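Chemist: Take a look at this one; I'll ask things after.
The values are calculated or read from the model by the stated rules, or taken from the named source; none is laboratory data. Bear in mind the structure is a predicted one, so any value in this text is a computation, not a measurement. Every residue, glycine among them, receives a Cβ derived from its backbone with ideal geometry; neighbour counts consider all protein chains shown.
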């Protein structure tokens, strides 16, 4: 499990929060394909420690502020595909990492 901080971006590209502490781990052992079958996508479970005021929504993009994608040299980017909030205590989300974007 990786412990890090993330930046949350809305689909239109607006950054709404930074420095949010999270942990994430691989959800499935094998890479998946996106809808167009163009790129590998890796599914990850994301655990947000606490609930940020802006929340976390499906289609949000979260960017790891500490871990770099070796193909792009920028932070690892994850698209949120499912979110569940637990009593304003923490958030669990299923995300897909699009490799090399």
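Chemist: Just one of (1) at pLDDT below 85; (2) farther than 19 Å from residue 12 by Cα trips up residue 85, so point out which.
Modeler: So residue 85 meets the others, but not (1).
Chemist: Of all residues being under 13 Å from the mean Cα position of the chain (by Cα) and under 18 Å from residue 74 (Cα atoms) in the range 25-43, which is modelled with the lowest pLDDT? Just the residue, please. I'd like the intermediate steps shown before the answer.
Modeler: Going through the range 25-43, the residues under 13 Å from the mean Cα position of the chain (by Cα) turn out to be 25-27, 41-43.
Checking which are under 18 Å from residue 74 (Cα atoms) leaves us with 41-42.
Numbers: 41: 68, 42: 80.
Filtering first and then ranking leaves 41.
Chemist: From the residues in the range 47-66 that are modelled with pLDDT of 90 or more and part of a strand (DSSP E or B), which one is surrounded by the fewest Cβ atoms within 10 Å (Cβ to Cβ)? Let's see the steps before the verdict.
Modeler: Step one: filter the range 47-66 for residues modelled with pLDDT of 90 or more, giving 47-48, 56-66.
Pick out the ones that are also part of a strand (DSSP E or B) and you get 47-48, 61-66.
Numbers: 47: 16, 48: 22, 61: 19, 62: 26, 63: 18, 64: 21, 65: 15, 66: 11.
Within the range 47-66, the match that is surrounded by the fewest Cβ atoms within 10 Å (Cβ to Cβ) is 66.
Chemist: Here is a further query. Going by the conditions given, is residue 19 surrounded by fewer than 14 Cβ atoms within 10 Å (Cβ to Cβ), at pLDDT 90 or above and over 18 Å from residue 81 (Cβ atoms)?
Modeler: Details: surrounded by fewer than 14 Cβ atoms within 10 Å (Cβ to Cβ): yes; at pLDDT 90 or above: yes; over 18 Å from residue 81 (Cβ atoms): yes.
Spelling it out, residue 19 is indeed surrounded by fewer than 14 Cβ atoms within 10 Å (Cβ to Cβ), at pLDDT 90 or above and over 18 Å from residue 81 (Cβ atoms).
Chemist: State all residues of the range 85-101 that are within 18 Å of residue 21 (Cβ to Cβ) and touching a strand residue (DSSP E or B) at 6+ places or on another chain (Cβ under 8 Å); if no residue qualifies, say none.
Modeler: 85, 86, 90, 91, 92, 93, 95
Chemist: Would you check which residues across the range 2-16 are farther than 17 Å from residue 50 by Cβ and either surrounded by 13 or more Cβ atoms within 10 Å (Cβ to Cβ) or without any contact (Cβ under 8 Å) to a residue 40 or more places away in the chain (or both) and list them?
Modeler: So the first thing to find is which residues in the range 2-16 are farther than 17 Å from residue 50 by Cβ, and the list is 2, 9-15.
2, 9, 10, 12, 13, 14, 15 - these are the residues of the range 2-16 that are farther than 17 Å from residue 50 by Cβ and either surrounded by 13 or more Cβ atoms within 10 Å (Cβ to Cβ) or without any contact (Cβ under 8 Å) to a residue 40 or more places away in the chain (or both).
Chemist: Being out of contact with any helix residue (DSSP H, G or I) (no Cβ under 7 Å at 6 or more places or on another chain) and modelled with pLDDT under 70: is that true of residue 70 here?
Modeler: On the way: out of contact with any helix residue (DSSP H, G or I) (no Cβ under 7 Å at 6 or more places or on another chain): yes; modelled with pLDDT under 70: no.
Criteria not met by residue 70.
Chemist: Report, by residue number, each residue of the range 88-101 that is modelled with pLDDT of 85 or more and either farther than 18 Å from residue 25 by Cα or in a loop (DSSP other than H, G, I, E, B) (or both).
Modeler: Listed by number, the list holds a single entry, 89.
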